[in-house]
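A.B. asks: Dumping the structure here so I can ask a few things about it.
The values are calculated or read from the model by the stated rules, or taken from the named source; none is laboratory data. Since this is a predicted model, take the numbers as computed values, not measurements. With ideal geometry, Cβ positions are generated from the backbone for all residues, glycine too; neighbour counts draw on all protein chains shown. For accessibility, only protein heavy atoms count, side chains too; no ligands or nucleic acids. Shrake-Rupley method; radii C 1.70, N 1.55, O 1.52, S 1.80 Å.
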Amino acid sequence: MSETKHKYKFKAEIKQLLDILVHSLYTSREIFLRELVSNASDALDKVRFESNKGTEIADKDLPLEIHIDFDEKKNTLTIRDTGIGMTKDELVKNIGTIAKSGTADFLKKLAESKEDATNIIGKFGVGFYSVFMVAKEVVIKTKSFKPEEPACTWRSDGSGSFEIEELEEPLKRGTTIEVHLKDDAKEFAEKYRLENIIKKHSNFISFPIFLGKEKINTISAIWREPKTSIKKEQYVEFYKFLTYDTEEPMFIVHKSVDAPIQFNALMFIPKKSDEFFWMDRENYGLDLYVKRVLIQHKNKDLLPEYLSFVKGVVDSEDLPLNISRETLQENTIFNKISSSVTNHILSFLLDKAKNSPDEYQAFWKEHGKVFRLGYMDFVNLEKYQELLRFNSSFNKDENELTSLADYVSRLKEGQKEIYYALGNSREAIVLDPHLEIFKKKGIEVLYLYDPTEEFVLSSLRKYKDFDFKSVDTADLKKLETLGKEGEKEEEKEELSKDDRKHFSSLLAKMKKILGDRVKDVVESKRLSDSPSCLVNADDTLSASMRKILKMANQDMGKQERILEVNPNHKLVRNLIEIFKKNSDDEYITNVTEQLYGSALLLEGALEDPHILIAKMNELLEKSSEWYLKQSKETT
Ligand code: ADP
Ligand code: MG
């Protein structure tokens, strides 16, 4: 071994990744070429970027190109670029010894589904290693753009280790990857096969790609071409190239703006929400070009985060080529482009919502979860609110959607609030006792199935002049004045004067039984089908909101609850009779505890179900005895 030769072990995670790539992935192996070409293209972007900044660069006049050569006899393939190259330290750091944050996520994903994994490998920043699906040995020769740095070589068979050595002979700037193909991967040394793969995956690379002597990628920056000259297939092809998506996009937004600032934007909204979004926060953003030169991949400031499902490119003539990524955010022109791009997307969506509601619904189902998080975009708040969608009691099933404008157009006379209820499903919400008065009065209620929806409404506080209000904090007096016209007065037997008195005493008794746990026990005006429910005395936070805040470890203080009891319910009527006979009957205590426990259970606020269940079994036991006795009497 020469003095400059060093042997390194692959980082454990990478070794694990390599083992899987080498031994178990046999489908879509061709994507390794896409990864190597995209690395070459990145390297060329970087050197062009340095050059535009005025940095001193080795071999300044080398054309920026990618060359792919193959040798069918030797079973080899080489990918050469004139990009930024790597120093020895960079080689060690970038390839083999440091696992990127995405590595573990990728491995996890890989364990779940092998087939898809080849489609996503590039997204996790581990694309280079995919070469070991087809290679028995890989040799990298690279010379950094930094003039003083010596050329280096890296060599590995993809098992446990790799070697790095300084090269004696001089090398021109850039990187060559020599792939010694496995015996079962000979196809990747055939011209026809290679040409196909490159056209399929790398056609939009903005540097010339030569296969042998022939330049094979032809397509230019399509976002700068007039809309009318581009066919749908070209858009789709570009989209697939950009996102690795295998499906067509849901929407295509192509904008050319000339004044006051010139820019072109070609953006897409995918059919499927990116499942990695929550896991891999880095993997979003638009690619920013200046005068066709890529300045930044996945820029995070062109669009706000809640529009991060949008993919695409933005290219401007009016930004300086030597702009640094760090100062972009302070650049006024950049900021104007950014707000204009955001505006275009929101207007596009508004137009869809208005003119193609079915398409908008499909969009909402897929991307609404991310979009909802935009409640902090105060500049665009009005558009944001118009784009929000909910399921509501007015809709005939859980798939239909309602906008806030729809809701407001159906307000009852005098209604000043927009009511909502949160629950796990439409079935569950419909059974919520708090909703009974709304049903009776025909007042519309938004049905929320995700706590973030409630979070959004609480943060917005109001839509136009209408406050958002959870059904369990709604003011009964207000509700009573609404919707009179639709109200059907049910036939119910009024309590006698005497029974009324007993009912009042019963309520007092129940309060005594529950003690501090409730602020009061009162007659309910909102219930028609249920015997009782809990409402909030302080009328500000809904029960579910409390739960969220409690989970976030906020000290909520003690909540003031009121137990409402429905005097028209059969159970309560019976209780009055029992109470009349013996006001201290143990049965009253049992039922009161049980009603309270059930109300907590419905809200998901019951901390320990054991007592409730034990008491319920006790009651069931008793009722079974009565039932038996009764059936004996009748037979
Ligand atoms: P990613 O491209 O997502 O960063 P890769 O595994 O494809 O992940 O590549 C790892 C790193 O190796 C790159 O970030 C880059 O620093 C370096 N690299 C790979 N190929 C080249 C190349 N042709 N020229 C210069 N650097 C390269
Ligand atoms: Mg890569």
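A.B. asks: Would you work out which of THR175, SER532, LEU294 lies farthest towards the positive end of the dipole of the chain? Charges go on Cβ: Lys and Arg +1, Asp and Glu -1.
C.D. replies: Among THR175, SER532, LEU294, the one farthest towards the positive end of the dipole of the chain is LEU294.
A.B. asks: If you don't mind, there's one more thing I want to ask. Using label points projected 7 Å from each Cα along Cα→Cβ, tell me how many nm separate ASN283 and VAL408, to one decimal.
C.D. replies: 3.9
A.B. asks: Let me ask you something else. What is the chain's relative contact order, in percent, from Cα pairs under 8 angstrom and six or more apart in sequence?
C.D. replies: Details: 993 pairs, mean separation 53.8, N = 635.
Relative contact order for the chain comes out at 8 percent.
A.B. asks: Tally the DSSP beta bridges in the chain and give the antiparallel ones as a percent, rounded to 5. Walk me through the numbers on the way to the answer.
C.D. replies: Numbers: 64 of 83 bridges.
Counting only bridges with both partners in the chain, antiparallel ones make up about 75 percent.
A.B. asks: Now for a different question. Sort all Cα-Cα distances of the range 390-489 into consecutive 5 angstrom bins from zero, then give the percent of pairs in each bin up to the one containing the longest distance.
C.D. replies: Reading upward from the zero bin: 2, 13, 26, 27, 21, 8, 1, 0.
A.B. asks: Among all the aspartates and glutamates, which ones have a C-alpha under 17 Å from LYS73's C-alpha, if same-chain residues fewer than 8 places away are not counted?
C.D. replies: Cα-Cα hits under 17 Å: GLU137, GLU178, ASP183, ASP184, GLU187, GLU190.
A.B. asks: For LYS440, go through the aspartates and glutamates and keep the ones whose alpha-carbon is under 16 Å away, minus same-chain ones fewer than eight residues off.
C.D. replies: Straight-line reach from LYS440, under 16 Å: GLU413, ASP432, ASP472, ASP475, GLU480, GLU485, GLU487, GLU489, GLU490, GLU491, ASP529.
A.B. asks: Specify the angular offset, from 0 to 90 degrees and rounded to the nearest 10, of the alpha carbon long axis of helix 357-371 from the longest principal axis of the alpha carbons in the chain.
C.D. replies: Once rounded, one gets 80 degrees.
A.B. asks: Please state the charge dipole magnitude for the range 5-215, taken about the Cα centre, from unit charges on C-beta atoms (+1 on K and R, -1 on D and E), reported in debye and rounded to the nearest 20.
C.D. replies: Working: 36 positive and 37 negative charges, 57 e Å.
So the dipole magnitude of the range 5-215 works out to roughly 280 debye.
A.B. asks: Right, here's the next one. Treating the range 22-93 as a set of equal point scatterers at the Cα positions, no solvent, please give the Debye-formula log₁₀ I(q)/I(0) at q = 0.26, 0.28 Å⁻¹.
C.D. replies: Ignoring solvent entirely, the Cα scatterers give -1.22, -1.27.
A.B. asks: In degrees from 0 to 90, rounded to the nearest 10, what is the angle of the helix 102-112 Cα long axis to the longest principal axis of the chain?
C.D. replies: Helix 102-112 sits at roughly 70 degrees to that axis.
A.B. asks: 222 nm [θ] for the chain, helices only, -39500 (n - 2.57) per DSSP H run of 4+, per residue, to 500?
C.D. replies: Numbers: 20 runs with 245 residues, N = 635.
Mean residue ellipticity at 222 nm (helix-derived): -12000 deg cm²/dmol.
A.B. asks: Could you size up the charge dipole of the range 390-489 around its Cα centre, putting +1 on the beta carbon of Lys and Arg and -1 on that of Asp and Glu, and report it in debye to the nearest 20? List each step's numbers first, then the result.
C.D. replies: Numbers: 16 positive and 21 negative charges, 75 e Å.
About 360 debye.
A.B. asks: Using the heavy atoms of the protein chains alone and a 1.4 angstrom probe, what is the accessible area of the chain per residue in square angstrom? Before the final figure, lay out the partial values.
C.D. replies: Numbers: 31940 Å² over 635 residues.
For the chain, the per-residue accessible area is 50 Å².
A.B. asks: Within 10 Å, count the other beta carbons around each residue, average over each peptide in 296-306, 439-449, and list them highest first. Don't skip to the answer; put the middle values down first.
C.D. replies: Details: 296-306: 18.5, 439-449: 20.5.
Ranking, from highest mean packing down: 439-449, 296-306.
A.B. asks: Average the reciprocal distances over every distinct pair of alpha-carbons in the range 495-635, invert the result, and give the Kirkwood radius in Å.
C.D. replies: It is 16.7 Å.
A.B. asks: Follow-up. On full extension of the chain, what length is gained from ASN343 through MET376, given 0.36 nm per residue of separation minus the C-alpha to C-alpha distance? Before the final figure, lay out the partial values.
C.D. replies: Details: separation 33, 0.36 × 33 = 11.88 nm, distance 1.53 nm.
Full-extension gain reported as 10.3 nm.
A.B. asks: Which three numbers, in whole Å and largest first, are the semi-axes of the equivalent ellipsoid of the range 5-215 derived from its Cα gyration tensor as √(5λ)? Walk me through the numbers before you get to the answer.
C.D. replies: Details: eigenvalues 130, 86, 57 Å².
Largest first, the range 5-215 gives 26, 21, 17 Å.
A.B. asks: Can I ask one more? Using the structure shown, list the pairs from LYS9/LYS100; LYS109/LYS272; LYS100/LYS141; LYS46/LYS255 with a Cα-Cα distance above 19 Å, or answer none. Kindly include the intermediate steps, with their values, before the conclusion.
C.D. replies: On the way: LYS9/LYS100 16 Å; LYS109/LYS272 17 Å; LYS100/LYS141 22 Å; LYS46/LYS255 27 Å.
Flagged as over cut-off: LYS100/LYS141; LYS46/LYS255.
A.B. asks: For ASP183, ASP377, give the ranking by accessible area with the largest first, probe 1.4 Å.
C.D. replies: Solvent-accessible surface, decreasing: ASP183, ASP377.
A.B. asks: So what's the convex hull volume per residue for the Cα atoms of the chain, in Å³?
C.D. replies: Numbers: hull volume 148.4 nm³, N = 635.
With only Cα atoms used, the chain gives 234 Å³ per residue.
A.B. asks: Could you give the semi-axes, largest first, of the ellipsoid that matches the range 222-356, computed as the square roots of 5 times the alpha carbon gyration tensor eigenvalues and rounded to whole Å? Kindly include the intermediate steps, with their values, before the conclusion.
C.D. replies: On the way: eigenvalues 97, 64, 47 Å².
Taking √(5λ) for each Cα gyration eigenvalue gives 22, 18, 15 Å.
A.B. asks: Something else about it: Summing +1 for each Lys or Arg and -1 for each Asp or Glu, what net charge is found among the other residues whose Cβ lies under 10 Å from the Cβ of GLY85? Don't skip to the answer; put the middle values down first.
C.D. replies: Working: positive: LYS46, LYS141, LYS143, LYS146, LYS172, ARG173; negative: ASP59, ASP81, GLU90, GLU149.
Summing Lys/Arg as +1 and Asp/Glu as -1 gives +2.
A.B. asks: Sequence gap at least 6, Cα distance under 8 Å: using those rules, report the relative contact order of the range 390-489 to the nearest whole percent.
C.D. replies: On the way: 126 pairs, mean separation 34.9, N = 100.
Relative CO of the range 390-489 lands at 35 percent.
A.B. asks: Take the solvent-accessible surface of the protein heavy atoms, probe 1.4 Å, and return the percent of it on the chain that carbon and sulfur atoms account for. All intermediate terms of the calculation are to be shown ahead of the outcome.
C.D. replies: Values: 16130 of 31940 Å².
Exposed carbon and sulfur together represent 50 percent of the surface.
A.B. asks: Mind checking which lysines have their Cα closer than 20 Å to the Cα of LYS615? Skip sequence neighbours fewer than 8 apart in that chain.
C.D. replies: LYS509, LYS511, LYS512
A.B. asks: Can you compute the modelled spin-label distance between ILE230 and ASP608, with each label point 7 Å from Cα toward Cβ, in nm?
C.D. replies: 6.4
A.B. asks: May I ask you to order 381-390, 6-15 by the average number of other C-beta atoms within 10 Å around their residues, highest value first?
C.D. replies: The densest-packed peptide leads the list: 381-390, 6-15.
A.B. asks: Counting alpha carbon pairs within less than 8 Å and at least 6 residues apart, what relative contact order, in whole percent, applies to the range 222-356?
C.D. replies: Values: 191 pairs, mean separation 28.8, N = 135.
This gives 21 percent for the range 222-356.
A.B. asks: About its Cα centre, what dipole magnitude does the chain give when the only charges are +1 on Lys and Arg Cβ and -1 on Asp and Glu Cβ, stated in debye to the nearest 20? Please list the in-between numbers first.
C.D. replies: Values: 99 positive and 112 negative charges, 65 e Å.
Charge dipole, the chain, about its Cα centre: 320 debye, nearest 20.
A.B. asks: Relative to the present Cα-Cα distance, how much length would full extension add between ARG461 and THR243 at 0.36 nm per residue of separation? The partial results should precede the final answer.
C.D. replies: Details: separation 218, 0.36 × 218 = 78.48 nm, distance 3.72 nm.
So the chain would gain 74.8 nm between ARG461 and THR243.
A.B. asks: Using 0.36 nm times the number of residues separating SER161 and LYS271, minus their current alpha carbon distance, what extension gain do you get? Intermediate values should be presented prior to the final figure.
C.D. replies: Values: separation 110, 0.36 × 110 = 39.60 nm, distance 4.14 nm.
Once the chain is fully extended between SER161 and LYS271, it gains 35.5 nm.
A.B. asks: On a 0 to 90° scale, report how tilted helix 12-24 is relative to the longest principal axis of the chain, with both axes built from alpha carbons and the result rounded to the nearest 10.
C.D. replies: 80
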